[in-house]
Amino acid sequence: MDNERLIKSSSRVKAHGEVFTPKRIVTLMLDQPELQEPLHSLSATFLEPSAGEGAFLVELLKQKMAVALSKSTSATTYSRNCLIALSSLYGIEYLEDNVEMLVMNMITTFNQLYVQDITNFAKKPNQHVLESAKVIIRTNMAQGDTLKYVNADGKPILLSEWKQVDGKANLVQRTEYTFESIVNESGPTNTVAGETEEMDLFAGSGFFEEKPKAKLHRYKACRWTDIYKQEIENLP
Ligand SMILES: C[S@@+](CC[C@H](N)C(=O)[O-])C[C@H]1O[C@@H](n2cnc3c(N)ncnc32)[C@H](O)[C@@H]1O
């Protein structure tokens, strides 16, 4: 998004309403007073339902990583706080080339800031943090049609909740949900559900179509820095 290219082609604007938001508008919008509290909470979630190449998500990540730094007293807490902040950001984007750019922009931003700011604690970057960040980004940035709740294969869009295990600050439990269940059912608490109220207004023709059942995984609770292992729980 460096050179502020806001339009790729007129046919894409016509077909998908693809016009990217200029950085100064993103900054202005994120400066709104009602966003300051969630922006200063590492775990308060944000969902961008038409994420493009990440104009909003990249800026949200920058701001949340600054908060992570301000709340950290060691390389260990900084690493964990960065992953908690990252895991709170979700994006859905229809066009596959945009999803690729979105994932790349998020990975680049996370890596640059983490590698730069870990030096505040006189430590080298932990490769497991960088690998775990990639898994979180590839999981939270989903390709799909937000209005129909399905991806390009016609399968339900899946999102994962990353929840700290009660009483154990260094452990996280990852749980998969269909995006549709988050929007239309109670979904997990204090997660993307609260950020998607306007979805119902726009849910259109695909709403009542029969959709294939999703196979949901339950992952083993693990340390934040072991997320990259993606160990699945063996259910009986
Ligand atoms: C106006 S652009 C905004 C992109 C980004 N939010 C920004 O501010 O730069 C809208 C984006 O939504 C995507 N889009 C259009 N219809 C969609 C749908 N049904 N589900 C998910 N994404 C969609 C387009 O591909 C495009 O990237």
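The values are calculated or read from the model by the stated rules, or taken from the named source; none is laboratory data. Only a predicted model underlies this, so the values are computations on that prediction, with no experimental measurement involved. No Cβ is skipped: glycine too gets one built from the backbone with ideal geometry, and neighbour counts run over all protein chains shown. We work out accessible area using only protein heavy atoms, side chains counted, and drop any ligands, DNA or RNA first. Shrake-Rupley method; radii C 1.70, N 1.55, O 1.52, S 1.80 Å.
Worth a mention:
- Placing unit charges on the Cβ atoms only, positive for Lys and Arg and negative for Asp and Glu, gives segment 10-229 a dipole magnitude near 1120 debye about its Cα centre.
- Around the amide H of Met141, modelled in the peptide plane, lie the amide H atoms of Gly91, all under 5 Å away and 5 or more residues distant in sequence or on another chain.
- Computing FRET efficiency as 1/(1 + (r/R0)^6) for Ser41 and Arg12, where r is the C-beta to C-beta distance and R0 is 41 Å, gives about 0.70.
- Distance between modelled label sites at Glu4 and Asp145, nm, 7 Å Cα→Cβ extension: 3.5
- Using a cut-off of 24 Å between Cα atoms, the listed pairs Lys14/Lys155; Lys134/Lys215; Lys62/Lys124 include Lys14/Lys155 as exceeding that distance.
- Whole-number Å³ per residue for the convex hull built on Cα positions in the chain: 140
- Carbon/sulfur fraction of accessible area - segment 10-229, other protein chains in place, 1.4 Å, %: 52
- Flagged links, alpha-carbon separation over 22 Å, of Lys71/Lys123; Lys64/Lys229; Lys163/Lys229: Lys64/Lys229
- Counted as membrane-span-like here are DSSP H helices of the chain whose alpha-carbon atoms extend 24 Å or more along the helix's own axis and whose Kyte-Doolittle mean is -1.0 or above; these are 96-117.
- Two-site FRET efficiency, Val67 against Gln230, from Cβ-Cβ distance with R₀ of 25 Å, rounded to 0.05: 0.40
- Rounded accessible area per residue of the chain, 1.4 Å, Å²: 54
- Per residue, the chain reaches -12500 deg cm²/dmol at 222 nm when only DSSP H runs of four or more residues are counted, each adding -39500 (n - 2.57).
- Projecting the Cα positions of Phe20, Phe179, Val115 onto the charge dipole of the chain (unit charges on Cβ atoms of Lys, Arg, Asp and Glu, taken about the Cα centre) puts Val115 furthest along the positive direction.
- Potential lengthening between Met29 and Asp153 on full extension [0.36 nm per residue; Cα-Cα distance subtracted]: 41.3 nm
- Of Pro49, Ser10, Asn170, farthest towards positive along the dipole that unit charges on Lys, Arg, Asp, Glu beta carbons give the chain: Asn170
- Convex hull projection area averaged over all views, segment 82-131, Cα basis, nm²: 3.7
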